Amino acid sequence: MSAPGIALEAKAANGLRATLTSDGAIRLAAGVVILLAWEILVRIAAPPYVARPSRIIMVFPDVITSGPFWQAAGATLAAVFEGLAIAFVAGTVVGVAVGRLRLADRLLQLYISGLFAMPMVAILPLVSLWFGYTSAGRLATVVFAAFFSIVVNVADGARAVPPEFIEVSRSFRGSAWTRLIDVILPSSVPYLLAGLRLAAGRALIGAVVAEFFMSIQGLGFFILFQTRTFHHNEAFVAVALLAGAGVLFEFALRQSTARFLPWYRRGERGG
């Protein structure tokens with residue numbers, strides 16, 4: 001074989017090896033192994049009505065083309081995004097106050113820590129009494145689930161602002177408002193993004209748990225109804241949608257960070 005032919009063959013082999021060892025290929029292979037193990041175990045040891053990948057794929061087109069499914073998905077995701085927006089604004093304000101004002105820290109820190117650690121299911125009976133078995137109760141649950149994650153992280157970020165940054169602002173006669181906008185909030189962005197990621201997951205959980213408990217329209221009630229009627233495959237379609245919503249939120253957050261905060265680097269491996 002000629003030297004150019006050997007070089008082309010080596011290049012092709014290196015390309016194939018790089019493809020097989022890439023992160024995407026490894027994740028895909030892991031997913032295939034998990035699905036195969038799930039399929040085999042259910043066929044061998046589980047009752048016929050238990051969900052398995054092959055049946056989920058079969059019912060997937062019927063479920064995603066049904067009106068009630070998308071009505072439930074719209075109700076849940078709308079509550080999650082609305083609750084996240086409320087928690088983001090309120091949590092950022094309270095978090096900065098707790099992180100930068102000694103009086104606010106002494107007044108609120110104990111209660112924030114206690115409520116942050118409280119399980120959501122413990123507060124649901126009270127929420128249902130205050131707001132009723134309605135969408136307002138679900139929204140309140142979502143806000144409660146997401147709010148404290150943002151407060152805790154923003155407060156840590158506000159405390160972590162280097163003192164020399166504050167001194168430089170003061171030396172240039174910057175006002176308190178200028179320090180907040182130009183120094184404290186930008187320095188707290190890594191903590192804020194971490195809190196927002198955590199809050200998004202907790203908000204999804206809060207919405208679904210509220211729908212379980214209050215029996216109101218949404219993906220949580222859709223999953224509950226399908227499992228109680230032994231339609232486990234249909235229920236897993238809704239579970240997959242919830243997982244996909246979480247992945248899309250993470251992707252959108254990364255893209256928005258790269259677009260609007262180009263100075264921010266997370267220090268990820270290979271970045």
* To do: Assess whether Val161 counts as being of a type in the set (A, V, I, L, M, F, W, C) and under 13 Å from Gly195 (Cα atoms).
  => no
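For the stretch 60-79, which residues satisfy the criterion of being part of a helix (DSSP H, G or I) and either among the acidic types (Asp, Glu) or open to solvent by 30 Å² or more (accessible area, probe 1.4 Å) (or both)?
Start the filter on the stretch 60-79 by keeping residues that are part of a helix (DSSP H, G or I), which leaves 60-64, 67-79.
Result: Phe60, Pro61, Asp62, Ile64, Gly67, Pro68, Trp70, Gln71, Gly74, Leu77, Ala78.
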* How many residues does the stretch 200-220 contain that are part of a helix (DSSP H, G or I) and of a type outside the set (A, V, I, L, M, F, W, C)? -> 5
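Of all residues in the stretch 87-118, count the ones that are surrounded by fewer than 16 Cβ atoms within 10 Å (Cβ to Cβ) and of a type in the set (Val, Ile, Thr). Break it down into steps so the answer makes sense when it comes.
In the first step, residues of the stretch 87-118 are kept if they are surrounded by fewer than 16 Cβ atoms within 10 Å (Cβ to Cβ); the result is 89-90, 93, 101-103, 106-107, 109-111, 113-118.
Still in the list and also of a type in the set (Val, Ile, Thr): 89, 93.
Final tally of qualifying residues: 2.
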* Would you check if there is a residue in the stretch 250-262 being assigned to a loop (DSSP other than H, G, I, E, B), at pLDDT below 85 and farther than 30 Å from Ser54 by Cβ? => yes
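The values are calculated or read from the model by the stated rules, or taken from the named source; none is laboratory data. Computed from a predicted structure; not experimentally measured. Virtual Cβ from ideal backbone geometry, glycine too; neighbours counted across all protein chains shown. Accessible surface is based on the protein model in full, side chains and every heavy atom, while ligands, DNA and RNA are left aside. Shrake-Rupley method; radii C 1.70, N 1.55, O 1.52, S 1.80 Å.
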